Each structure stands twice: as structure tokens, then as C-alpha cells.
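These notes are about the structure you will find just below.
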Amino acid sequence: MSLLVVGLSHRSAPVSVLERAALAPEVRGKLLQDAVSAEPVTESAVLSTCNRIELYADVDKFHAGVADLSTLLARHSGVGLEELTPYLYVHYEDRAVHHLFSVACGLDSMVVGEGQILGQIKDALAVAQEQHTAGRLLNDLFQQALRVGKRAHSETGIDKAGQSLVTFGLEQLAAGRDVEGWTHGKRALVIGAGSMSSLAATTLVRNGIGELAVANRTVERAERLVAILTEPGGPGAANGLTARAVAMAGVADELALADIVVSCTGATGLVLTGAAVAAARAGRTAPLALLDLAMPRDIDAAVHRIEGAHLVDIESLADASADAPMAADVDQVRGIVSDEVAAFGAAQRAAHITPTVVALRTMAADVVTSEIARLDGRLPDLDDKQRAEITQTVRRVVDKLLHAPTVRVKQLASEPGGAGYADALRELFDLDPQTVAAVSRADTRGGSQEVRERA
């Protein structure tokens, strides 16, 4: 396994750097294509969230891979390599697997145990698949990471250790008060209609807000979100929620009416300036609570200095989460991660030898076919029943001779340091390297199920 991850997160870099390095959705596809075009890289996937940017790759050279991935992250993020390098971390092979599995379980999140990261990992895999940059290794890795994350949430109380960024942010705005009591009956404005904004709107509705406005650059997406929230059986139907979709041009008017504002868009510039918030505050006495979950930020940091406005952003969430208590279940999740990393490594090592085993069995089958053909030439008077019985007998002999060594070699290959057994098998039986490579290519293209059944 030659898995490499190079990235930065809230644990390695200040929010100001993360904000500048944030990747726009349209940039991610180009980054993936440039990655697989690099000489040491065969597969790539990028995990980009509001508090992490990580580039995963299958590489055949460690040092060249680190250099190329670091350069690509700098180029596509727009942050110079010299400035970015001190904040980058590198994980390789089993450590890279351990890192992604920990991320999937919420152990590396700003709010420990939050489940939003699973959707982001799923999206990262989907983008890599769409761009055709994820091969067998990264497909297996990300799909297994999703399973590990779900297992951690279903088998432990990791959910109790933290919440989503939305819930955590609302708790910070409520400043120790009960969130449901604090939000009840208030007017809320949600800017954006993506996954995080949708989660924010749903959370606000379930906590009893009385009125909701959803603003988005594409009004149709805001309308769809409003329809979902207010449809019969939806979260807002029971409490008589009043909700509407508005264009971005109407944000200023909605801001003047709102008690709570949550913003999470993909904009590269500010969505709410300090002047806009100050204008909304003019002539009103009720406080204005603002939650900025975007990276880069949607709301001007100058809002922190506006009287009567309380802004919670990614930076203040990072500071608050450092003091958040960790549940005892975290240790149990760490145990799950360690076990799953070991299992994944064993499976990958076993899969590495599968093409060699298949090539060996193919060679044996060819030998049987050749010898039966020779027998037909020397004993042409054999009837069909005799010929079939001889053929079956020879095949049984070959299968029995190969069974024990092939089963044992797969067991040995699954253990740490077992990668050399495939080479030994090829050498001992003088297998054609091109035949083994052909089996490997078929496995990568999606023939893995057939290969595993034959092996």
C-alpha cells in the first residue's frame, strides 16, 4: 500500500490560513486532474471542508509524492508554498488510513463526534469518482472510512461527545441558555442553501423558531429547502412555521428583521459587511445573533465590534471547542479505529497477492489443457466419458496440490511485512509478470469480484 495524505486543518493551521487556502468547488476537479497527472501519482481524492483541506493519493515514490502534492495544494489554494508548508502534515500508508478513519469517526473534528464529516467524505469520494481519479485503493479506503464512521456512531456514545457545528454554534450564541428556549419564536435568516445551510435551517426549525427566511444566489434552491421544511410531515409543519425564500438582493431587508442569522455559502468574498450589519442594527434594541460557518468567512470580522451584535464564527468555535469535554466513549472509538486500520491493511496486503494467485491458477489450467490435448493425440480412441474422467482427475490433482500453498500464501501476505510473498510466488513458479499485471488491471477496472472468486 502506498497511500499518502498531505493536508492542513484546524489542528495544524490558524483559521486565517485555512480561510485563505479554502478550495472553491470548481477548483477541486482541476486539483484532482493535476494530481493524477503528476509522475508519482496514480489515484487522487480531495477532502475539503470548512476546517480541513486534505489531498489523498496513491503514489509510487514517497518524497516525490509529498513534494508534488504540497506544490499542488499551494498552487490551487493560492497560498504560497513557503507560507503553507509549516502548516502541512503528512501521513503515509497505515498512518494515512488511521488518519482518515479517525476523521470519519469525528475524532479529528473541531467538535468531537460530529457526524457532518461523513457526508463530506461521501461527497469527496463522489467527486473523485466523477473525475475518474479514484481507483481501487481510494475507492476501498473511502468506502471503508464511511463504514467505520457509521460503526463508531452506532456502537458507541461518540455522538454525546459533541454535536454538529450548527448545534455547537447555536450553543455558543445562546451563551449557556437552553438553545430551544432561546430560539423559540424568533425570526431567523439563513444565507445559503447547501448541505450545511440546510442543516442549520432544519436545526433552527426543530428548535422552535417562529419565522424563517432562506436567501440563496439561486432562488430555486432556497425555494426547495423551504418546501421541504414546511411540507406536511416536515419539521416546520407541526409548529406552524412561516418560511419564505428570498433572493440575495433581499438580504439587507431580511437582516433588519432577523434575530438570528446563519450564513454558509461558497462565496469567495464577504456576504455581510460590517456596514450592512451596522445599518441593520440602527433603530432597533433587540440583539442580533450571527453564526458564520463559511470558509472563507461570509461575515465581516468587524461585526465583533458592533454593539448589540454577537458574532460566532469558525475562529471563535475553534477556541470554544478546545475546552469542550470529551466523552469516555472516545477511547472506545479509538479502539475501533485501530482494529479497522489493521483489518484494512490485512485486506489490502491480501488483495496485493490475489493477481499472482490467479496467474498461478491460470498457468496451471493452461498446463492441464495442454497435457489433455497431447493425451488426445496419443490416445485418439478414448471415448468422451473416459476423456472427461481423465481431465477431471488431472484437474483435481492440480487443485489439491495448489490449494494449501495458495491459501497459506494469502494468509502470510495479509500479515505485516508479507508483501514479499507475491514476489516469491512469481519467482518460484516462473510466472509471466505481464500476466500478473493484466490480472491487476482487470481487478482495478471492476473485475475484482470475479478475480476474488477464482482466487
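In this Cβ point-charge picture (+1 for Lys and Arg, -1 for Asp and Glu), segment 1-55 has a dipole of about 220 debye about its Cα centre.
Can you return the lysines within cross-link range of Lys410? Criterion is Cα-Cα under 28 Å, with same-chain partners fewer than 8 residues away left out. Correct list for Lys410: Lys61, Lys400. An ellipsoid equivalent to the chain, defined through the eigenvalues of its Cα gyration tensor, has semi-axes of 56, 23, 20 Å when rounded to whole angstrom and sorted largest first.
Heavy atoms of the protein chains alone define the surface here; on that basis the chain has 47 Å² accessible area per residue at 1.4 Å probe size.
Overall size of segment 1-76 from C-alpha positions, given as principal axis extents largest first: 33, 25, 18 Å. What the Cα convex hull of segment 111-200 gives, in volume per residue, is 110 Å³. Tell me, what is the Rg over Rh of segment 65-178, with Rh the Kirkwood radius over Cα pairs? In segment 65-178, Rg relative to Rh is 1.04.
Volume per residue of the convex hull around the Cα atoms, evaluated for segment 174-222, comes out as 69 Å³. Each Lys or Arg adds one and each Asp or Glu subtracts one; over the other residues with Cβ under 14 Å from the Cβ of Pro14, this totals -1. Could you give log10 I(q)/I(0) at q = 0.10, 0.18 Å⁻¹ for segment 1-150, computed by the Debye formula over C-alpha point scatterers of equal weight, without solvent? For segment 1-150 at q = 0.10, 0.18 Å⁻¹, log10 I(q)/I(0) is -0.28, -1.02.
Its DSSP H runs of at least 4 residues, each contributing -39,500 (n - 2.57), put the calculated 222 nm mean residue ellipticity of the chain at -18000 deg cm²/dmol, to the nearest 500. Volume of the convex hull of segment 229-280 (Cα atoms only), normalised per residue: 106 Å³. Positive contributions from Lys and Arg (+1) and negative ones from Asp and Glu (-1), summed over other residues with Cβ under 12 Å from the Cβ of Ala286, come out at +3. In summary, the aspartates and glutamates within cross-link reach of Lys385, defined as a Cα separation below 16 angstrom excluding same-chain residues under 8 places away, comprise Asp376. Please express the shape of segment 209-357 as an equivalent ellipsoid: the semi-axes are the square roots of 5 times the eigenvalues of the C-alpha gyration tensor, given largest first in whole angstrom. Value: 42, 22, 18 Å, ordered largest first. A full extension of the chain between Asp383 and Tyr89 corresponds to an added length of 98.8 nm, given 0.36 nm per residue minus the alpha carbon distance.
Stokes-Einstein diffusion for segment 271-411, with the hydrodynamic radius set to the Kirkwood value over Cα pairs and evaluated at 4 °C in a medium of 1.567 mPa s, equals 56 µm²/s. The DSSP beta bridges internal to the chain are antiparallel in roughly 45% of cases.
The values are calculated or read from the model by the stated rules, or taken from the named source; none is laboratory data. This is a predicted model, so every value here is computed, not measured. Cβ coordinates were reconstructed from backbone atoms using ideal geometry, including for glycine residues, and neighbour counts include every protein chain displayed. Areas reflect the complete protein model, heavy atoms only, side chains present, ligands, DNA and RNA absent. Shrake-Rupley method; radii C 1.70, N 1.55, O 1.52, S 1.80 Å.
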